[in-house]
Amino acid sequence: MQPVKTNFTRKLTLALVVSSFAIAPFAVSNAAGVDDTIKARQAKMKELGGHMKYLKGLLGGSGTLEEAKGHALAMQEIAKNIPSWFPEGSGKDDAGVGVKTTALATIWSDMAGFKKISATMAEDTGKLAELIEGGDKSAIGAQYGAMAKASCGGCHQTYREKK
């Protein structure tokens, strides 16, 4: 199957590049205010959830493979940046934090593990994008499930306060 290059794909690629630069300031949060940093990362995590929802919908029969690939690639870019959104002092128990956050201190005490799980998610979503391009919904579903359990679930179980 030949890759499909459309206006949507070009626009999504441009949006990913631009958003990568737009989120860089969140890594230097203390100058701008820790609460703003937390709100910004929460917004990016909601965006990540929206991409997951679209992909789950694809497996249920809605959406297109082309758009699903764009969502998987967007997730890959988000995953690459996740660690930069968690500067020291932005956890739920840190002084000066005025907004609710579920970020556990484990993030900073095990930053190597946190970075590793983010890198794994980036790899997993890259594989997902490749499978989407191939069009095999069974393989897409298996990769989606594995990624959701290992990357999303693994991170939430270790680094996020239970809801």
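What the table below lists for this structure:
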{"item": "Filter result (aliphatic (A, V, I, L, M) and part of a loop (DSSP other than H, G, I, E, B)) within segment 74-107", "result": "ALA95, VAL97, VAL99, LEU104, ALA105"}
{"item": "Residues of segment 57-73 satisfying the condition of being in a helix (DSSP H, G or I) and exposed (fewer than 15 other Cβ atoms within 10 Å of the Cβ)", "result": "GLY57"}
{"item": "Inter-residue pairs, beta-carbon under 8 Å, first in a helix (DSSP H, G or I) and in segment 110-124, second modelled with pLDDT of 95 or more and of a type in the set (Lys, Arg), 6+ apart", "result": "SER118/LYS80; ALA119/LYS80; ALA122/LYS80"}
{"item": "Selection count where residues are surrounded by 17 or more Cβ atoms within 10 Å (Cβ to Cβ) and more than 18 Å from GLY49 (Cβ to Cβ), scope segment 88-125", "result": "7"}
{"item": "Enumeration of residues in segment 48-88 that are acidic (Asp, Glu) and closer than 30 Å to VAL34 by Cβ", "result": "GLU77, GLU88"}
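Every residue, every condition in (1) at positive phi; (2) touching a residue at least 24 places away in the same chain (Cβ under 8 Å), yes or no:
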residue: LEU73; (1), (2): no, yes
residue: GLU88; (1), (2): no, no
residue: GLY96; (1), (2): yes, yes
residue: THR102; (1), (2): no, yes
residue: ALA150; (1), (2): no, yes
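The values are calculated or read from the model by the stated rules, or taken from the named source; none is laboratory data. Treat the numbers as computed from the prediction; the structure is a model and nothing was measured. With ideal geometry, Cβ positions are generated from the backbone for all residues, glycine too; neighbour counts draw on all protein chains shown.
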